[in-house]
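Please read the structure below before turning to the comments.
None of the figures in this text is laboratory data; all of them are computed from the coordinates on show. What you see is a predicted model; the values in this text were computed from it and never measured. Glycine gets a Cβ as well: all are built from the backbone with ideal geometry, and neighbour counts include every protein chain shown.
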Amino acid sequence: MLKLILILVVLAIAAILIYASSKPNTFHVERSININASPEKIFPIINDFHQWALWTPYDKDPAMKKSYGGNANGKGATYAWEGNSDVGQGDITITDANAPNKVVLDLHMIKPFEARNVVVFTIESAGESTRVTWGMDGTNNMISKVMGLFFNMDNMIGKDFEVGLAKMKTVTEGL
């Protein structure tokens, strides 16, 4: 009986791994919002990590250790953090900044899982408002493919993006 249970467990794990391996090797998450502020008002709070506390949804740990390096803002600016399980550990670098329309970042997560993703903010005039799009692209290793079978990563990350963009809207429309 124990041998049969063990065989079934091994088969179930093998089936999960085989199915997970068929999942895409890359992912993309994207959310957008219209903000009643000019691109020139929005761009600086994305292009300067010191301003992120005004709108980021990831500032969940009041005891989080933060450090800034490189340039004060724009290309070459860096931000590193280490916090509780809600925020993990990682660093982010601005790799391109095209005022007032685009900021590209290299996101390196260390904890809870090692990952490297590209984050892009696009800021486009949309009539009397501005369309801000927050996107992230990355690769799915086997661990993330298996996790994706049980958790909808687009919904989880997308909800954070929606919260951050809503805060950004409130902040920039009040400027």
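So, counting K/R as plus one and D/E as minus one, what does the shell of residues with Cβ under 15 Å around V87 add up to?
Here the charged neighbours net out to -2.
Across segment 17-25, computed HN-Hα scalar couplings (Karplus, 6.51 cos²θ - 1.76 cosθ + 1.60, θ = phi - 60°) run 5, 5, 5, 4, 5, 7, 6, x, 7 Hz from first to last residue, x flagging Gly and Pro.
The alpha-carbon positions of segment 38-106 define a convex hull whose volume is 77 Å³ per residue. Among the GluC sites (Glu not before Pro) within segment 81-155, those in coil by DSSP and having at most 12 neighbouring Cβ atoms inside 10 Å are E114, E128.
On a 32 Å Cα-Cα criterion, which of the cross-link pairs K102/K159; K65/K167; K23/K75 come out too long? Spell out each step's value before the answer.
Working: K102/K159 22 Å; K65/K167 22 Å; K23/K75 34 Å.
Table pairs above 32 Å Cα-Cα are K23/K75.
Here r is the Cβ-Cβ distance between S67 and L4 and R0 is 45 Å; the resulting FRET efficiency, rounded to 0.05, is 0.25. The smallest convex shape that holds all Cα atoms of segment 1-67, its convex hull, gives 218 Å³ per residue. When chymotrypsin sites (Phe, Trp or Tyr not before Pro) are flagged only if DSSP places them in a loop and at most 12 other Cβ atoms lie within 10 Å, the longest unflagged stretch of the chain comes out as 1-112. The string of couplings for segment 26-42 from the Karplus curve (6.51, -1.76, 1.60, θ = phi - 60°) is 10, 9, 9, 10, 8, 9, 9, 8, 9, 10, 7, 7, 6, x, 5, 7, 7 Hz, one whole number per residue in order, with x for Gly and Pro. Here the 3J(HN,Hα) profile of segment 112-122, calculated from phi with Karplus coefficients 6.51, -1.76 and 1.60 at θ = phi - 60°, is x, 9, 5, 7, 10, 10, 9, 10, 10, 9, 10 Hz, Gly and Pro shown as x. The calculated 222 nm mean residue ellipticity attributable to helices in the chain amounts to -11000 deg cm²/dmol, summing -39500 (n - 2.57) over DSSP H runs of n ≥ 4 and dividing by all residues.
Three semi-axes describe the equivalent ellipsoid of the chain; taken as square roots of 5 times the Cα gyration tensor eigenvalues and ordered largest first, they are 37, 18, 14 Å. Taking amide H positions as modeled 1.01 Å from N, with prolines and chain starts lacking one, the residues under 5 Å from N140 and 5 or more places away or on another chain are T26, F27. Taking Cα centre as origin and charging only the Cβ of basic (Lys, Arg, +1) and acidic (Asp, Glu, -1) residues, the dipole magnitude of the chain rounds to 460 debye.
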